[in-house]
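Written below as structure tokens is the structure these notes are about.
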Amino acid sequence: MRVPCTKCGTEILEATAKANGGFCGPCARGGGFCVVCGKRVWEANKVGEYIHMNCAMKRRDEEVATTSGISWSRPNEIDWDALCDGILAATLRCFARVAEANEGRAIKDVVVAYRIGEGVRVEPCMTFFDGAYLNASLDDDSLFDDLEPFDSAITRIEENLDDDQSEEFIELLESRVPKMMEQVFSGLERSSFGLDLAEGCAKTLKEF
Ligand SMILES: [Zn+2]
Ligand SMILES: [Zn+2]
């Protein structure tokens with residue numbers, strides 16, 4: 001004799017139901033169902049929500065796309081000017097925060113390292129005259145937060161591509177990104193990176 005679990009509806013033996021207060025085994029052990037995909041999740045997260053890690057990331061991406069208005073999901077939807085402006089603005093803000101926190105410390109070299117493809121990463125790095133090195137992208141989450149709409153848009157695009165399309169997308173990035181990043185870099189140079197640069201300070205843009 002089988003009866004439905006009172007939580008998830010799975011048909012279970014009456015004896016199991018009796019032993020578990022009406023629940024199937026997984027439900028009795030505290031399992032639930034993902035709020036995104038509806039499939040079984042064995043444990044609730046810290047805030048008591050049943051959601052798969054991947055589903056949580058997908059939901060987060062959708063929220064970011066909605067709030068930022070950057071919802072590109074195909075390569076031809078990329079607004080390269082918006083991407084360029086967004087990276088420039090985010091990187092400038094990051095340098096401004098570094099400048100504020102390091103007033104009066106002269107800087108010997110500045111490196112802007114980037115990777116566009118598998119998301120969007122920018123790392124503004126600098127060496128101070130006293131030899132100290134700073135990767136400002138690790139310093140606080142603000143740059144990451146500022147770039148997140150672009151990062152999740154590029155990630156979303158990449159997730160939707162088959163193998164041939166992936167190759168085409170890599171070619172597209174190779175043809176557009178270096179030029180775009182040079183534009184970002186010259187924008188940064190025009191404002192001296194917002195930093196107190198020592199004379200002869202080396203300024204480098206590089207892909208990683
Ligand atoms: Zn159940
Ligand atoms: Zn799920």
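Worth pointing out:
- Pairwise alpha-carbon distances in the stretch 169-208 exceed 12 Å for 66% of all pairs.
- Degrees separating the helix 53-68 axis from the principal Cα axis of the chain, which is the longest one: 50
- For the chain, a Gaussian network of Cα nodes joined below 10 Å ranks Ala56, Ala113, Ala17 by mean-square fluctuation, and the top entry is Ala17.
- Alpha-carbon centroids, the stretch 156-208 and the stretch 1-56: separation in whole Å: 47
- Linear extension gain, Phe208 paired with Glu159, 0.36 nm per residue minus alpha-carbon span: 15.5 nm
- Selected from Phe95, Phe150, Phe129 as most flexible by GNM, with the chain as the system and alpha-carbon contacts under 10 Å: Phe129
- Magnitude of the charge dipole, the stretch 69-207, Cβ model with Lys/Arg +1 and Asp/Glu -1, debye to 20: 640
- Percentage, to the nearest whole number, of Cα pairs in the stretch 58-103 over 15 Å apart: 60
- Directionally averaged projected area (the chain, Cα convex hull): 16.2 nm².
- Net charge of Cβ neighbours under 10 Å - reference Gln183; Lys, Arg +1; Asp, Glu -1: -2
- Relative contact order for the stretch 2-56, counting Cα pairs under 8 Å that sit 6 or more residues apart, in percent: 22
- Stokes-Einstein translational diffusion, the stretch 2-56 - Kirkwood Rh over all Cα pairs, 1.567 mPa s, 4 °C, in µm²/s: 112
- Within the listed set Arg74, Arg97, Arg40, the Gaussian network model of the chain (springs between alpha-carbon atoms below 10 Å) gives the highest mean-square fluctuation for Arg40.
- Helical contribution to [θ] at 222 nm, DSSP H n ≥ 4, -39,500 (n - 2.57), averaged over the chain, rounded to 500: -15000 deg cm²/dmol
- Candidate cross-link partners of Lys203 among the lysines, defined by an alpha-carbon separation under 16 Å and a same-chain spacing of 8 or more, comprise Lys108.
- FRET efficiency, 1/(1 + (r/R0)^6) with R0 25 Å, evaluated for Ala89 and Asp130 via beta carbons: 0.25
- All Cα-Cα separations within the stretch 90-162 were binned at 10 Å from zero, giving a P(r) of 19, 45, 23, 10, 3, 0, each value a whole percent of the pairs.
- Relative contact order computed over the stretch 43-168 (Cα-Cα under 8 Å; 6+ residues apart), in percent: 28
- Once the C-beta distance of Lys39 and Thr67 is scaled by a Förster radius of 25 Å, the resulting FRET efficiency is 0.40 to the nearest 0.05.
None of the figures in this text is laboratory data; all of them are computed from the coordinates on show. What you are looking at is a predicted structure, and each value in this text was computed from that prediction instead of being measured. Using ideal geometry, Cβ is built from the backbone for each residue, glycine included, and neighbour counts are taken over all protein chains shown.
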